[in-house]
Amino acid sequence: MKPTTNIAQTTAPDGAVFRLVGHDGEFYLYMNDRQVMSTTLTHSELLLADGGCDFRDKRRHPRVLIGGLGLGFSLRRSLEITGEKALVEVAELLPEVIEWNRRCLDGCNDDILADPRTRIVEADVYDRIVAAAGKKGPRYDAILLDVDDGPSSLLQPRNARIYGREGLQVIKRALSPGGRVAFWSAGVEAGLLRDLRRSGFAVEELEVAKHPRAKRREHRIYLAEKRD
């Protein structure tokens, strides 16, 4: 049996311990003792990018913001579908996660990190959203948020501000006309669906499975489009 290896570890500002684990050529990201991402289950991360970047009109220079680098799957898919003139910005709170992607994944993300369309920013994604919502902008065409298991199951307590009504209005101002925000959630979040509609978004709820062959679609992606 091939061993499981703890490759690297760091502690978040709120005290949560993040670990990068390797086993049989695959990689797993843990928060405390909970697996939050892996290279074996990437289906929903890809669908998050597919939905968030599915613009109703053609955009010559789309700007995309991704909350959290993780293991890079939403970044990779965004680069694949947004074209040669896109800018894809990733806001990653933990500098160690950025370093792990560069040095600990056996080079599997070297191409997307070196892509001239990629911009990795060591920052809280909400701070980037607030900056874009200001008078000077610039706005984003898509915002992809896979930073929690949903508003009822936060991985970082500070992320609560993203899902409140004020936070949703800030997100709306940070988007260009017709821009989209996509939220990944581990389960049904009726309150988020309701609040997005009340905030003036056109909203779609997608049922998502862990992998393409799974029968249960327990996860959700909430797609919200700015109407004006």
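Work through the residues other than residue 174 whose Cβ is under 9 Å from its Cβ and net out their charges, Lys, Arg +1 and Asp, Glu -1. Mind showing how you got there, number by number?
Values: positive: 128, 139, 172, 173; negative: none.
Spelling it out: positives minus negatives among the neighbours equals +4.
I'd like the Karplus ³J(HN,Hα) series for segment 108-124: coefficients 6.51, -1.76, 1.60, θ = phi - 60°, whole numbers in Hz, and an x wherever there's a Gly or Pro.
5, 10, 4, 5, 6, 6, 8, 4, x, 7, 8, 10, 9, 10, 7, 6, 6
If we restrict to alpha carbons, what Rg and Dmax does segment 70-140 come to, in Å?
12.9, 42
With a sphere of radius 14 Å drawn around the Cβ of residue 89, what net charge do the other residues whose Cβ falls strictly inside it have (Lys, Arg +1; Asp, Glu -1)?
Once all neighbours under 14 Å are counted, the net charge is -1.
Quick check: residue separation of residue 188 and residue 110 times 0.36 nm, minus the Cα distance between them. What number comes out in nm? Don't skip to the answer; put the middle values down first.
Numbers: separation 78, 0.36 × 78 = 28.08 nm, distance 3.49 nm.
Result: 24.6 nm gained on full extension.
Would you calculate a helix-derived [θ] at 222 nm for the chain, using -39,500 (n - 2.57) for each DSSP H run of n ≥ 4 and dividing by the full residue count, to the nearest 500? Write down the numbers at each step before the final one.
Numbers: 8 runs with 66 residues, N = 228.
Rounded to the nearest 500, the figure is -8000 deg cm²/dmol.
Show me, for segment 155-172, the HN-Hα J-couplings you get by feeding each phi into the Karplus relation (A = 6.51, B = -1.76, C = 1.60, θ = phi - 60°), rounded to Hz, glycine and proline as x.
Result, rounded to whole Hz: 8, 10, x, 5, 6, 4, 5, 5, 9, x, 4, 5, x, 5, 5, 5, 4, 4.
Near the amide H of residue 37, under 5 Å away, which other amide H atoms are found, from residues 5 or more places off or on another chain, if H is placed in the peptide plane?
29
With r as the distance between the Cβ atoms of residue 169 and residue 39 and R0 = 41 Å, compute the FRET efficiency 1/(1 + (r/R0)^6) and round to 0.05. Walk me through the numbers before you get to the answer.
On the way: r = 36 Å, r/R0 = 0.88.
The formula returns an efficiency of 0.70 here.
Give me the net charge of residue 193's neighbourhood, meaning all other residues with Cβ under 12 Å from the Cβ of residue 193; Lys, Arg count +1, Asp, Glu -1. Spell out each step's value before the answer.
Numbers: positive: 194, 197, 198, 220; negative: 189, 195, 204, 205.
In short, 0.
Any aspartates and glutamates with Cα under 15 Å of the residue 135 Cα? List them, leaving off those in the same chain fewer than 8 positions away.
Of all the aspartates and glutamates, those that pass the test against residue 135 - Cα under 15 Å, at least 8 places apart if same chain - are 127.
Using θ = phi - 60° and the Karplus relation 6.51 cos²θ - 1.76 cosθ + 1.60, list the HN-Hα couplings for segment 77-87 in order, rounded to whole Hz, with x at every Gly or Pro.
These are the phi-based 3J(HN,Hα) values: 5, 4, 5, 5, 10, 9, x, 6, 9, 7, 10 Hz.
How far, in nm, would the chain grow between residue 160 and residue 99 when pulled straight, counting 0.36 nm per residue and subtracting the alpha carbon separation? Intermediate results must be reported in sequence, preceding the final value.
Values: separation 61, 0.36 × 61 = 21.96 nm, distance 2.65 nm.
Full extension from residue 160 to residue 99 adds 19.3 nm.
For the chain, with only Lys/Arg (+1) and Asp/Glu (-1) charged at the beta-carbon, what is the dipole magnitude about the Cα centre, in debye rounded to 20? If you can, show how the numbers build up before the last one.
Numbers: 36 positive and 34 negative charges, 187 e Å.
For this selection, approximately 900 debye.
Collect residues whose amide H, placed 1.01 Å from N in the peptide plane, falls under 5 Å from the amide H of residue 7; neighbours closer than 5 in sequence don't count.
Amide H to amide H, under 5 Å and 5 or more residues apart or across chains, residue 7 pairs with 20, 21, 22.
Provide, in order from the shortest bin, the percent of all Cα-Cα pairs of segment 1-55 in each 5 Å bin, continuing until the bin that contains the maximum pair distance.
4, 17, 21, 18, 16, 13, 7, 3, 1, 0
Here, each number is a calculation from the coordinates, and none is a lab measurement. Given the structure is predicted, the values throughout are model-derived calculations rather than measurements. Note that each Cβ is placed from the backbone with ideal geometry, even for glycine, and that neighbours are counted across all protein chains shown.
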